[in-house]
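**Student:** Let me give you the structure first, and then I'll get to my questions.
The values are calculated or read from the model by the stated rules, or taken from the named source; none is laboratory data. Just so it is clear, the model here is predicted, and its values are computed rather than measured. Here the Cβ positions follow ideal geometry from the backbone for every residue, glycine too, while neighbour counts run over all protein chains shown.
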Amino acid sequence: MTNLLASLKCTDEVYLIVGASNVAALRINSILEAGAKPVLITNQPSEKFTKSIQDNIANGNLKYIEKEFENDDLSRLGRNEVDNIVDRVFVTLPISQYEVKKQIYQSCRRLRIPVNVSDSPEFCTFSLLSTFTSGDFQMGVSTLGKGCKLAARIKRELSHTLPSNIGTICNKIGDLRANIQEEDKLELEKLQSDIDSIGEHDDDAITTSKLNSLVEEFNMTKEQKKLQRTRWLSQIVEYFPLSTLADLSLEDLSVAYKEYNSIVKTQTEPKEPSQKKLKTTKKGSISLVGSGPGSISLLTLGALQEIHSADLILADKLVPQQVLDLIPKHRTKLFIARKFPGNAERAQKELLDMGLESLMKNEKVVRLKQGDPYIFGRGGEEFNFFADHGFTPSVLPGITSALAAPVLTNIPATHRDVADQVLICTGTGRRGALPNLPEFIKSRTTVFLMALHRVVDLIPKLIDDKNWDPNLPVAIIERASCPDQRIIRTTLSSVAQAIEACGSRPPGLLVTGYACEVIAKPNVNEKWVIEEGCASASNSLLEPFLQLAGTIEKDNLPGLQQQSLSVEQTA
Ligand code: SAH
């Protein structure tokens, strides 16, 4: 059983503290920071109080009543508006006073007052978390009462992995959301159901299964275009390097609808840079580079070299932070594609134009692509585009997620007598339509990319129209090779239900076929089984090597990093 973690608003609530130990002093400070009003009851002589308790009494922050606790204090000292019942009770009496603690606990239970008795988990209806606060960012760690020292240590370790501007990021994103919602108020009211499906109103937006759901960019109403900004913000929060989010502005998100008409125009009438001019100045160079599925351990040395020698890096939004952290921040400009639902075409054009512009300035451009550049990465189109403009790219393969994910999931894509062929296909066709779906072949492992947001449409078609076996073992693999990798093993007919229940953690793919149960045996008792984390995701072993190779500056390491990206670079 787990506890329900919550963040409580406690302004002006009255919290009773019984006993004046060192723990009481800490509790009083936390209570004051949260805006509640502490009342201390103890018959302990005040000269023995800690300095902090004495100061709080002296400056009027802490009400102090010198007496022994009595039951009716609980229903006498609180706020008028709740019939004088105190809002919360903290007991910090010594272990020897077991009976008193028990009695306070029982009285609180009767009156439904949340109570915390230190060192007595059996008498607690709630406990405080070990917290880290920076601006509007708060993080709490709980070990379910198993050890506050351990919780504090874990909290410390976790807080060190966060960007140092995490507080600013929260404030900024919060302000942006509020501004957008204010501006879109009318539309939001009209289209409440749409917004709910975006997940922005959920506290846990990242894990809602609709985050990546399809937007038909060519059929959007004006209202939907406006709502794009909310959706884009979700996507930016999901994909962009955390530390750069503080630089985001409303302007970056406004482009989506303010310039919509001109966007459509540029899509149909692309503005070609002048060939003539290009031919006379072409000294820049471009490479299309695969960055692997996520972990830097799966980046090739060739890719690393390219990253290190670029003037401009044009990255997919899927290229994860750990790879972006390798970019020498003082020398190299970074632009991350704004490929969000409803903006794919425009974002692609923007990226290509930016590449050309840089090439014309004789710069070295690296087009960094998730996985392998030629597996559903529009790599071929990009090659042709640059070649047609006089800059023939060199292309460096990367490890595709389609083949790495099964390996990281213990699925041998081919296996004697089980699977003699592998198919990589997409779940999303042109303009969001369903693609041509493959027939069922028993001895085939099929990997569907860009499919998880379409499973509700996709799977019935596979089963009904293409004769796929509903009981076929499958695995959903999300953020393969990243520390937050997740595997959900289930059967074809339960995929949609599993995603609905577990939410999504993009990017993710679906592997189907009997190869899925060659190593991981099926679990007959559960409809699906979840595995969290990726043992090989840790890059700590690589750090000395990367530093030796001169690839990482100290402040480029994840967590310490503060990329100095401009707004144009990040959004
Ligand atoms: N060129 C990429 C694929 C681009 S298409 C490659 O070779 O991997 C984008 C799709 O790839 C996503 O929708 C998702 O299905 C898949 N994908 C990319 N990275 C992934 C990862 N780390 N884990 C799981 N799926 C991933």
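**Student:** So, K317, is that one modelled with pLDDT of 50 or more and of a type in the set (K, R) or not?
**Tutor:** Yes.
**Student:** Please determine whether any residue of the stretch 324-332 is touching a residue at least 60 places away in the same chain (Cβ under 8 Å) and on the phi > 0 side of the Ramachandran plot.
**Tutor:** no
**Student:** Continuing with this model, one more query. Conditions: (1) surrounded by fewer than 16 Cβ atoms within 10 Å (Cβ to Cβ); (2) touching a Gly at 6+ places or on another chain (Cβ under 8 Å). V14 meets all but one. Number of the miss?
**Tutor:** The number of the failed condition is (1).
**Student:** Can you tell me which residue is surrounded by the fewest Cβ atoms within 10 Å (Cβ to Cβ) among those in the stretch 31-71 that are among the hydroxyl-bearing types (S, T, Y) and more than 25 Å from F132 (Cα to Cα)?
**Tutor:** Result: S46.
**Student:** Considering (1) in contact with a Phe, Trp or Tyr (Cβ under 6 Å, 6 or more places away or on another chain); (2) farther than 18 Å from L396 by Cβ, say which one L356 fails and leave the rest.
**Tutor:** (1)
**Student:** Of everything in the stretch 101-119 that's closer than 26 Å to T143 by Cβ and of a type in the set (S, T, Y), which residue is modelled with the lowest pLDDT?
**Tutor:** S118
**Student:** Which residues, taken from the stretch 422-434, are more than 9 Å from the ligand (Cβ to nearest atom) and either in a loop (DSSP other than H, G, I, E, B) or touching a strand residue (DSSP E or B) at 6+ places or on another chain (Cβ under 8 Å) (or both)?
**Tutor:** Once the filter is applied, which keeps residues that are more than 9 Å from the ligand (Cβ to nearest atom) and either in a loop (DSSP other than H, G, I, E, B) or touching a strand residue (DSSP E or B) at 6+ places or on another chain (Cβ under 8 Å) (or both), the stretch 422-434 yields V422, L423, C425, G429, A433, L434.
**Student:** Assess whether N116 counts as being on the phi < 0 side of the Ramachandran plot and buried (at least 20 other Cβ atoms within 10 Å of the Cβ). Give the derivation first.
**Tutor:** Numbers: on the phi < 0 side of the Ramachandran plot: yes; buried (at least 20 other Cβ atoms within 10 Å of the Cβ): yes.
Yes.
**Student:** Let me ask you something else. Of all residues in the stretch 310-324, how many are assigned to a loop (DSSP other than H, G, I, E, B) and either polar (S, T, N, Q) or within 16 Å of the ligand (Cβ to nearest atom) (or both)?
**Tutor:** Count: 5.
**Student:** Could you list, in sequence order, all residues of the stretch 462-481 that are in contact with a helix residue (DSSP H, G or I) (Cβ under 6 Å, 6 or more places away or on another chain), within 15 Å of the ligand (Cβ to nearest atom) and not polar (S, T, N, Q)?
**Tutor:** If the condition is that a residue be in contact with a helix residue (DSSP H, G or I) (Cβ under 6 Å, 6 or more places away or on another chain), within 15 Å of the ligand (Cβ to nearest atom) and not polar (S, T, N, Q), then V474, A475, I477, A480 are the ones that fit.
**Student:** Collect the residues in the stretch 378-406 that are more than 16 Å from the ligand (Cβ to nearest atom) and assigned to a loop (DSSP other than H, G, I, E, B), keeping them in residue-number order.
**Tutor:** Selection gives H389, G390, F391, T392.
**Student:** Condition test on S96, is it among the polar types (S, T, N, Q), outside any loop (DSSP other than H, G, I, E, B) and either touching a Gly at 6+ places or on another chain (Cβ under 7 Å) or farther than 30 Å from C170 by Cα (or both)? Can you show your working first?
**Tutor:** Details: among the polar types (S, T, N, Q): yes; outside any loop (DSSP other than H, G, I, E, B): yes; either touching a Gly at 6+ places or on another chain (Cβ under 7 Å) or farther than 30 Å from C170 by Cα (or both): yes.
Here the answer is yes, as S96 does meet what is asked.
**Student:** Just the residues that are in contact with a Gly (Cβ under 8 Å, 6 or more places away or on another chain) and within 16 Å of the ligand (Cβ to nearest atom), please, taken from the stretch 435-452.
**Tutor:** Across the stretch 435-452, the qualifying residues are P435, T445, T446, F448, L449, M450, A451, L452.
**Student:** Can you name every residue in the stretch 491-508 that is free of Cβ contacts under 8 Å to residues at least 60 places away in the same chain and away from the ligand (no atom under 13 Å from the Cβ)?
**Tutor:** Those that are free of Cβ contacts under 8 Å to residues at least 60 places away in the same chain and away from the ligand (no atom under 13 Å from the Cβ): T491, L492, S493, S494, V495, A496, Q497, A498, A501.
Matching residues to (1) modelled with pLDDT of 90 or more; (2) touching a strand residue (DSSP E or B) at 6+ places or on another chain (Cβ under 6 Å); (3) within 16 Å of the ligand (Cβ to nearest atom); (4) not assigned by the TED database to the domain that holds H389:
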residue	(1), (2), (3), (4)
P273	no, no, no, yes
K277	no, no, no, yes
T280	no, no, no, yes
G292	yes, no, yes, no
S295	yes, no, yes, no
L299	yes, yes, yes, no
H308	yes, no, no, no
K333	yes, yes, no, no
A337	no, no, yes, no
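**Student:** Wholly within the stretch 111-172, which strands (runs of 3 or more DSSP E) include no fewer than the required count, namely at least 3 residues that are under 25 Å from the mean Cα position of the chain (by Cα)?
**Tutor:** 130-134, 137-141
Conditions tested, residue by residue: (1) crowded, with 17+ Cβ neighbours inside 10 Å; (2) at pLDDT 95 or above; (3) at positive phi.
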site	(1), (2), (3)
I411	yes, yes, no
R416	no, yes, no
Q421	no, yes, no
G429	no, no, no
T445	yes, yes, no
A451	yes, yes, no
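**Student:** Give me the residue from the stretch 354-377 that is more than 9 Å from the ligand (Cβ to nearest atom) and in a loop (DSSP other than H, G, I, E, B) and, out of that set, farthest from H308 (Cα to Cα).
**Tutor:** K361
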